[in-house]
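Below is one structure, written out as C-alpha coordinates; comments come after it.
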Amino acid sequence: MLGAQRKSHLLQILARDGRVVAKDVAHELGLSEDSIRRDLRELAEDGRLVRVYGGALPIPAADRPVEQRFALATESKMRVAERAAALIRPGSTIVLDAGTTAHQLARMLPSHSALTVITPSPGIAIEVADRTDARVVMIGGEVARYSMVASGPLAMEAIHHLAADVFFMGVTGIDPTRGLTTGNLDDAATKRAIAGRCEQTFVLGSEEKVGATSRFPVMDLDDVAGVIVDPLDRNPLIERLPMVVARSS
(Lines give C-alpha, C1' and ligand atoms only; values in the text may rest on other atoms or scores of the structure.)
Protein backbone atom coordinates (compact mmCIF):
# COMPACT_ATOMS: atom_id res chain seq x y z
CA MET A 1 0.00 0.00 0.00
CA LEU A 2 1.38 3.38 -1.02
CA GLY A 3 1.86 6.16 1.50
CA ALA A 4 -1.04 8.21 0.08
CA GLN A 5 -3.31 5.17 0.31
CA ARG A 6 -2.28 4.53 3.92
CA LYS A 7 -3.04 8.10 4.88
CA SER A 8 -6.42 7.95 3.18
CA HIS A 9 -7.13 4.72 5.07
CA LEU A 10 -6.13 6.33 8.37
CA LEU A 11 -8.47 9.27 7.75
CA GLN A 12 -11.30 6.86 6.94
CA ILE A 13 -10.74 5.05 10.24
CA LEU A 14 -10.70 8.39 12.05
CA ALA A 15 -14.00 9.43 10.47
CA ARG A 16 -15.59 6.05 11.24
CA ASP A 17 -14.29 5.39 14.77
CA GLY A 18 -13.43 8.84 16.06
CA ARG A 19 -9.82 7.78 16.76
CA VAL A 20 -6.87 5.87 15.32
CA VAL A 21 -4.92 3.34 17.38
CA ALA A 22 -1.52 2.96 15.72
CA LYS A 23 -0.80 -0.60 16.84
CA ASP A 24 -4.22 -1.83 15.63
CA VAL A 25 -3.79 -0.30 12.18
CA ALA A 26 -0.23 -1.62 11.95
CA HIS A 27 -1.49 -5.14 12.74
CA GLU A 28 -4.34 -4.79 10.24
CA LEU A 29 -2.05 -3.69 7.41
CA GLY A 30 0.92 -5.88 8.33
CA LEU A 31 3.19 -2.86 8.79
CA SER A 32 5.39 -1.55 11.56
CA GLU A 33 3.99 0.88 14.10
CA ASP A 34 6.77 3.27 13.12
CA SER A 35 5.33 3.49 9.60
CA ILE A 36 1.86 4.28 10.91
CA ARG A 37 3.20 6.80 13.43
CA ARG A 38 5.12 8.53 10.65
CA ASP A 39 1.94 8.77 8.54
CA LEU A 40 0.02 10.15 11.50
CA ARG A 41 2.74 12.69 12.22
CA GLU A 42 2.65 13.93 8.61
CA LEU A 43 -1.15 14.13 8.67
CA ALA A 44 -0.96 16.12 11.90
CA GLU A 45 1.56 18.50 10.33
CA ASP A 46 -0.92 19.02 7.49
CA GLY A 47 -3.63 19.87 9.98
CA ARG A 48 -5.75 16.77 9.26
CA LEU A 49 -5.76 15.29 12.78
CA VAL A 50 -4.31 15.62 16.28
CA ARG A 51 -1.55 13.26 17.38
CA VAL A 52 -1.90 11.72 20.83
CA TYR A 53 -0.03 8.96 22.63
CA GLY A 54 -0.66 5.70 20.77
CA GLY A 55 -2.52 7.19 17.81
CA ALA A 56 -4.60 10.17 16.76
CA LEU A 57 -7.87 12.02 17.36
CA PRO A 58 -9.98 14.33 15.17
CA ILE A 59 -9.28 18.05 15.20
CA PRO A 60 -11.69 19.52 17.76
CA ALA A 61 -14.48 21.71 16.41
CA ALA A 62 -13.24 24.43 18.75
CA ASP A 63 -9.92 24.58 16.86
CA ARG A 64 -11.59 25.97 13.75
CA PRO A 65 -10.90 29.58 12.67
CA VAL A 66 -12.58 32.12 14.94
CA GLU A 67 -15.10 33.29 12.33
CA GLN A 68 -16.40 29.70 12.05
CA ARG A 69 -16.53 29.19 15.82
CA PHE A 70 -18.97 32.05 16.36
CA ALA A 71 -21.71 29.85 14.87
CA LEU A 72 -20.72 26.77 16.89
CA ALA A 73 -22.68 25.74 20.02
CA THR A 74 -23.89 29.29 20.52
CA GLU A 75 -26.62 28.47 23.05
CA SER A 76 -24.23 26.36 25.14
CA LYS A 77 -21.71 29.20 25.15
CA MET A 78 -24.36 31.64 26.32
CA ARG A 79 -25.30 29.38 29.23
CA VAL A 80 -21.67 29.00 30.25
CA ALA A 81 -21.13 32.76 29.96
CA GLU A 82 -24.16 33.44 32.19
CA ARG A 83 -22.71 31.26 34.94
CA ALA A 84 -19.29 32.82 34.55
CA ALA A 85 -20.78 36.31 34.86
CA ALA A 86 -22.38 35.31 38.17
CA LEU A 87 -18.88 34.71 39.61
CA ILE A 88 -17.69 38.27 38.97
CA ARG A 89 -17.63 40.59 41.97
CA PRO A 90 -18.04 44.38 41.67
CA GLY A 91 -14.74 46.23 41.72
CA SER A 92 -12.69 43.19 40.78
CA THR A 93 -10.00 42.86 38.13
CA ILE A 94 -10.67 40.07 35.65
CA VAL A 95 -8.95 38.67 32.59
CA LEU A 96 -11.10 37.63 29.65
CA ASP A 97 -9.30 35.25 27.34
CA ALA A 98 -9.83 35.32 23.59
CA GLY A 99 -12.53 33.05 22.22
CA THR A 100 -16.19 32.99 21.34
CA THR A 101 -17.45 32.05 24.83
CA ALA A 102 -15.42 34.92 26.28
CA HIS A 103 -17.10 37.20 23.73
CA GLN A 104 -20.46 36.10 25.09
CA LEU A 105 -19.22 36.80 28.62
CA ALA A 106 -18.05 40.27 27.59
CA ARG A 107 -21.61 41.03 26.44
CA MET A 108 -22.99 40.02 29.85
CA LEU A 109 -20.73 42.12 32.05
CA PRO A 110 -22.59 44.58 34.30
CA SER A 111 -22.44 48.15 33.06
CA HIS A 112 -21.68 49.90 36.36
CA SER A 113 -19.61 47.67 38.64
CA ALA A 114 -16.17 49.37 38.63
CA LEU A 115 -14.52 46.43 36.89
CA THR A 116 -11.08 46.36 35.37
CA VAL A 117 -11.00 44.01 32.37
CA ILE A 118 -7.72 42.75 30.96
CA THR A 119 -7.69 40.87 27.66
CA PRO A 120 -5.35 39.73 24.86
CA SER A 121 -8.24 39.99 22.38
CA PRO A 122 -8.82 43.25 20.45
CA GLY A 123 -12.39 42.17 19.72
CA ILE A 124 -13.22 41.61 23.38
CA ALA A 125 -11.56 44.89 24.38
CA ILE A 126 -13.84 46.74 21.96
CA GLU A 127 -16.88 44.77 23.14
CA VAL A 128 -16.27 45.64 26.80
CA ALA A 129 -15.49 49.29 26.04
CA ASP A 130 -18.68 49.67 23.99
CA ARG A 131 -21.00 48.00 26.50
CA THR A 132 -19.67 48.92 29.95
CA ASP A 133 -17.82 51.61 31.88
CA ALA A 134 -15.10 49.14 32.88
CA ARG A 135 -11.46 50.08 32.67
CA VAL A 136 -10.05 48.09 29.74
CA VAL A 137 -6.40 46.99 29.60
CA MET A 138 -5.08 45.36 26.42
CA ILE A 139 -2.30 42.78 26.49
CA GLY A 140 -0.17 43.79 23.53
CA GLY A 141 1.73 41.61 21.10
CA GLU A 142 1.40 40.14 17.64
CA VAL A 143 -2.22 39.29 16.79
CA ALA A 144 -2.63 35.84 15.27
CA ARG A 145 -5.08 36.11 12.38
CA TYR A 146 -6.39 32.57 12.94
CA SER A 147 -7.46 33.18 16.55
CA MET A 148 -7.39 37.02 16.72
CA VAL A 149 -5.45 36.97 19.99
CA ALA A 150 -2.20 38.71 20.98
CA SER A 151 0.70 36.46 21.93
CA GLY A 152 4.45 36.20 21.62
CA PRO A 153 7.31 37.99 23.44
CA LEU A 154 5.60 41.39 23.76
CA ALA A 155 2.48 39.81 25.23
CA MET A 156 4.55 37.79 27.70
CA GLU A 157 6.40 40.92 28.83
CA ALA A 158 3.11 42.73 29.45
CA ILE A 159 1.65 39.79 31.38
CA HIS A 160 4.54 39.83 33.85
CA HIS A 161 3.48 43.34 34.92
CA LEU A 162 -0.17 42.48 35.48
CA ALA A 163 -2.18 40.97 38.31
CA ALA A 164 -5.85 40.03 38.49
CA ASP A 165 -8.45 38.38 40.70
CA VAL A 166 -9.95 35.97 38.17
CA PHE A 167 -8.93 34.63 34.76
CA PHE A 168 -11.69 33.24 32.54
CA MET A 169 -9.67 30.94 30.32
CA GLY A 170 -10.75 29.68 26.94
CA VAL A 171 -9.36 26.40 25.62
CA THR A 172 -10.27 24.11 22.73
CA GLY A 173 -10.01 20.83 24.61
CA ILE A 174 -11.11 19.75 28.11
CA ASP A 175 -10.44 16.11 28.85
CA PRO A 176 -10.30 14.32 32.23
CA THR A 177 -7.12 12.49 31.23
CA ARG A 178 -5.32 14.89 28.90
CA GLY A 179 -6.29 18.07 30.73
CA LEU A 180 -6.63 21.47 29.07
CA THR A 181 -5.32 21.85 25.53
CA THR A 182 -5.34 24.32 22.67
CA GLY A 183 -4.39 24.33 19.01
CA ASN A 184 -1.62 26.97 19.09
CA LEU A 185 1.72 26.71 20.89
CA ASP A 186 2.15 30.44 21.59
CA ASP A 187 -1.44 30.67 22.79
CA ALA A 188 -0.85 27.83 25.26
CA ALA A 189 2.17 29.63 26.72
CA THR A 190 0.23 32.89 26.97
CA LYS A 191 -2.61 31.21 28.85
CA ARG A 192 -0.21 29.66 31.37
CA ALA A 193 1.49 33.01 31.94
CA ILE A 194 -1.83 34.78 32.53
CA ALA A 195 -3.00 32.07 34.93
CA GLY A 196 0.20 32.55 36.90
CA ARG A 197 -0.70 36.21 37.48
CA CYS A 198 -4.28 35.59 38.68
CA GLU A 199 -5.67 34.51 42.03
CA GLN A 200 -8.10 32.09 40.40
CA THR A 201 -8.55 30.57 36.95
CA PHE A 202 -11.87 29.28 35.68
CA VAL A 203 -12.17 27.43 32.38
CA LEU A 204 -15.08 28.18 30.03
CA GLY A 205 -16.36 24.73 29.06
CA SER A 206 -19.10 24.85 26.41
CA GLU A 207 -20.38 21.54 25.09
CA GLU A 208 -18.07 21.13 22.07
CA LYS A 209 -14.94 21.34 24.24
CA VAL A 210 -15.63 18.66 26.87
CA GLY A 211 -13.92 15.47 25.76
CA ALA A 212 -12.00 17.15 22.95
CA THR A 213 -8.19 17.18 22.80
CA SER A 214 -6.02 19.66 20.89
CA ARG A 215 -2.35 19.47 20.06
CA PHE A 216 -0.74 21.62 22.74
CA PRO A 217 -1.12 21.19 26.52
CA VAL A 218 -2.06 24.28 28.54
CA MET A 219 -2.52 23.14 32.15
CA ASP A 220 -3.67 20.20 34.22
CA LEU A 221 -7.24 20.31 35.47
CA ASP A 222 -5.98 20.27 39.06
CA ASP A 223 -4.26 23.62 38.45
CA VAL A 224 -7.50 25.59 37.94
CA ALA A 225 -10.21 26.66 40.38
CA GLY A 226 -12.96 25.10 38.30
CA VAL A 227 -14.48 24.31 34.91
CA ILE A 228 -17.67 26.20 34.11
CA VAL A 229 -19.86 23.81 32.15
CA ASP A 230 -23.20 24.03 30.40
CA PRO A 231 -25.87 22.78 32.84
CA LEU A 232 -27.74 21.19 29.91
CA ASP A 233 -24.70 19.28 28.65
CA ARG A 234 -25.14 15.58 29.52
CA ASN A 235 -21.68 14.48 28.41
CA PRO A 236 -20.72 11.74 30.93
CA LEU A 237 -17.12 13.01 30.95
CA ILE A 238 -18.31 16.03 32.93
CA GLU A 239 -18.65 13.82 35.99
CA ARG A 240 -14.92 13.09 35.79
CA LEU A 241 -13.87 16.73 35.75
CA PRO A 242 -12.69 18.09 39.10
CA MET A 243 -14.30 21.19 40.56
CA VAL A 244 -17.11 21.57 38.04
CA VAL A 245 -18.83 24.94 38.39
CA ALA A 246 -22.54 25.53 37.85
CA ARG A 247 -23.38 21.95 36.93
CA SER A 248 -26.97 22.46 38.04
CA SER A 249 -29.35 24.86 36.33
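The values are calculated or read from the model by the stated rules, or taken from the named source; none is laboratory data. Keep in mind the model is a prediction, meaning the values are calculated, not measured. Cβ placement follows ideal geometry from the backbone for every residue including glycine, while neighbour counts extend to all protein chains displayed.
List of remarks:
- Selection within the stretch 180-202 - of a type outside the set (A, V, I, L, M), surrounded by 21 or more Cβ atoms within 10 Å (Cβ to Cβ) and under 18 Å from residue 141 (Cα atoms): 187, 190, 191
- Filtered residue count, the stretch 65-94, keeping only those that are modelled with pLDDT under 75 and either surrounded by 17 or more Cβ atoms within 10 Å (Cβ to Cβ) or outside any loop (DSSP other than H, G, I, E, B) (or both): 5
- Pairs with Cβ under 6 Å, 6+ apart, first in the stretch 1-16 and of a type in the set (D, E, K, R), second at pLDDT below 90: 7/43
- Within the stretch 201-249, considering residues that are modelled with pLDDT under 85 and β-branched (Val, Ile, Thr), the one nearest to residue 53 (Cα to Cα): 213
- Tally of residues being in a strand (DSSP E or B) and buried (at least 18 other Cβ atoms within 10 Å of the Cβ) across the stretch 153-179: 10
- Residues of the stretch 11-44 satisfying the condition of being of a type in the set (A, V, I, L, M) and more than 18 Å from residue 213 (Cα to Cα): 25, 26, 29, 31, 36
- Sub-9 Å Cβ pairs linking a first residue in the stretch 195-208 that is part of a strand (DSSP E or B) to a second residue that is of a type in the set (Ser, Thr, Tyr), at least 6 apart or interchain, are 198/93; 204/101; 205/101, ordered by first then second residue.
- For the stretch 136-181, filtered to residues that are more than 26 Å from residue 86 (Cβ to Cβ) and of a type in the set (Val, Ile, Thr), the residue that is farthest from the chain's Cα centre (by Cα) is 159.
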